[in-house]
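Structure, as structure tokens:
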Amino acid sequence: MSVDVHHAPPLWRLLQACAQAVQAVRAGRSLTAQLESVSTDLRPGVQALSFQALRQLGRATALRTQLAKKAPPAAADALLCTALALGWDEAQAPYPVHTLVNQAVEAARRQRQTQGQAPFINACLRRFLRERDALVAATQEDVTARWNHPDWWVARLQADHPEHWMDLLMQSQHPAPMTVRVNPACTTVAAVQAALQAQGVVATPVGRSGLQLGKALPVAQLPGFEQGHVSVQDAAAQVAAPLLMQGLDLDRPWRVLDACAAPGGKTGHLLELCPQAQVLALDVDAQRCERIHQNLDRLQVRAQARAVVRAADAAQPTQWWDGQLFDAILLDAPCTASGIVRRHPDVRWLRRPEDSAQLARTQAQLLKVLWPLLKDGGRLLYCTCSIFKAEGDAVVDSFLQSNTDARFCPSPRHLIPGCLPVGLPVGDNPLGEYDGFYYALLEKQPTSA
């Protein structure tokens with residue numbers, strides 16, 4: 001597709017909006033929310049630059065400290081660090097470094113919040129151009145600069161995954177591949193693969209019904225997306241539904257709870273696998289529940305599968321439970337999202353060291369509250385998109401010690417990118433590249449009379 005350069009926004013405008021995104025993340029706002037406030041003509045470019053800037057923000061902040069020990073006002077500091085993040089490594093710079101510098105100074109001059117700091121930003125960036133190698137070398141021993149993650153995050157990965165921590169940190173610096181799940185009720189993996197090939201897109205089968213694309217596409221260009229033939233879902237997330245339902249008669253009307261369901265990817269996968277299932281999908285956020293409705297409507301599974309979507313807090317069953325026990329429960333619990341930082345580079349800067357412990361208490365409470373809602377012989381799949389053990393093994397091991405009627409079934413526990421565990425229900429195809437996840441399948445043993 002050709003680009004009309006005459007209507008492309010100037011780089012200084014993109015840098016202004018990118019710096020505002022960096023400033024917002026530093027203030028605790030998610031990048032997703034910030035990008036929603038960016039005008040549509042700027043958003044694609046700002047998103048691309050923001051992702052790169054946040055992936056290099058540790059190095060950029062350390063370089064700014066070398067250039068000026070005292071941080072300038074927040075808006076100016078965000079613009080200066082944005083330029084440094086995008087330009088410190090010439091091999092990865094999205095534009096020639098001199099162009100980035102010139103346009104960053106122009107961005108400062110054209111914005112009220114940074115006009116007074118434009119000479120300071122100009123002086124810092126010109127010095128950076130002159131002394132780049134020495135300045136980069138001076139930051140090399142800074143843990144946050146070297147790995148572009150907070151030092152506590154690096155230390156935690158070193159403790160939790162001593163054999164893989166460097167790989168995990170390096171992988172998080174690269175964009176995640178686009179992976180789709182094929183709906184077997186509508187088409188086949190081979191047919192979608194061929195349709196993509198006809199569009200010039202190489203797609204590799206992964207798992208039972210997934211395809212990993214050689215390049216990302218807008219969802220509207222995915223063959224059969226609007227008809228519900230394919231859904232965008234990471235290969236690791238595609239493990240959930242088959243793992244929960246493996247070995248069961250998929251033609252029976254199983255009663256299933258998806259306890260934290262939004263945006264509905266795993267709910268849809270459950271219904272694709274078990275067309276007769278009765279699924280209750282909960283989410284505490286009513287707006288996010290609307291996303292579940294939209295996904296299920298697109299897949300055309302909601303009506304025939306008797307799926308019910310309800311805005312409710314899974315931790316408060318008295319508000320939503322009808323007293324009938326479930327055959328299976330999927331608990332995709334709230335977590336730090338440390339396993340999907342490739343897709344959400346702001347997460348590393350938004351999280352705090354104490355977040356895992358706080359979330360682990362929420363996760364343990366959800367397990368405690370939902371377990372009594374499960375039939376004897378039923379199964380509960382606990383999962384998170386976190387690679388921190390405080391939110392995985394620690395939660396599940398504590399639960400098993402306190403609940404003698406719970407049996408741990410074969411499941412991967414920590415699913416670490418680059419280290420495929422044995423026994424995953426992924427069919428004949430390896431998972432390829434995938435996000436970090438935690439899976440623990442628990443079966444409820446009948447109580448003795």
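Values quoted throughout were computed directly from the atomic coordinates according to the rules given, and no laboratory measurement underlies them. Predicted, not measured: the structure shown is a model, and the values here were computed from it. Don't worry about glycine lacking a Cβ; one is built from the backbone with ideal geometry, like all the others, and counts go over all protein chains shown.
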Charged-residue dipole, Cβ positions (Lys, Arg, Asp, Glu), the chain about Cα centre, Debye nearest 20 | 1140
With +1 on each Lys and Arg Cβ and -1 on each Asp and Glu Cβ, and nothing else charged, work out how big the dipole of region 1-88 is about its Cα centre, in Debye to the nearest 20.
-> 460
Between 0 and 90°, nearest 10: helix 151-160 axis offset from the chain longest Cα axis | 40
Let me know the shape class of region 234-444, please: from the alpha-carbon gyration tensor, a ≥ b ≥ c as square roots of the eigenvalues, rounded when a/c is under 1.5, otherwise prolate if a/b is greater than b/c, or oblate.
-> rounded
Considering only Ala176, Leu14, Val192, whose Cα is most displaced toward the positive end of the charge dipole of the chain, charges sitting on Cβ of Lys, Arg (+1) and Asp, Glu (-1)?
-> Leu14
Partner lysines for Lys444 [C-alpha distance under 27 Å; skip if fewer than 8 residues away on the same chain] = Lys266, Lys368, Lys375, Lys389
Give the shape of region 177-232 as rounded, prolate or oblate, defined through the alpha-carbon gyration tensor: a ≥ b ≥ c are the square roots of its eigenvalues, a/c under 1.5 means rounded, and otherwise the shape is prolate if a/b is larger than b/c and oblate if not.
-> rounded
Taking the mean number of other Cβ atoms within 10 Å as a proxy for protection, how do you rank 206-219, 18-31 from highest to lowest?
-> 18-31, 206-219
Region 105-212 shape via C-alpha gyration tensor axes, a/c threshold 1.5 | oblate
Sorted by Cβ density within 10 Å, fewest first, the residues Asp251, Asp397, Asp160 = Asp251, Asp397, Asp160
Which chymotrypsin sites (Phe, Trp or Tyr not before Pro) in region 327-407 pass both tests, a DSSP loop state and at most 16 other beta-carbon atoms within 10 Å?
-> none
DSSP beta bridges in region 234-444, what fraction antiparallel, as a percent rounded to 5?
-> 45
Neighbouring Cβ atoms within 10 Å as the yardstick, rank Met170, Met245, Met178 fewest first.
-> Met170, Met178, Met245
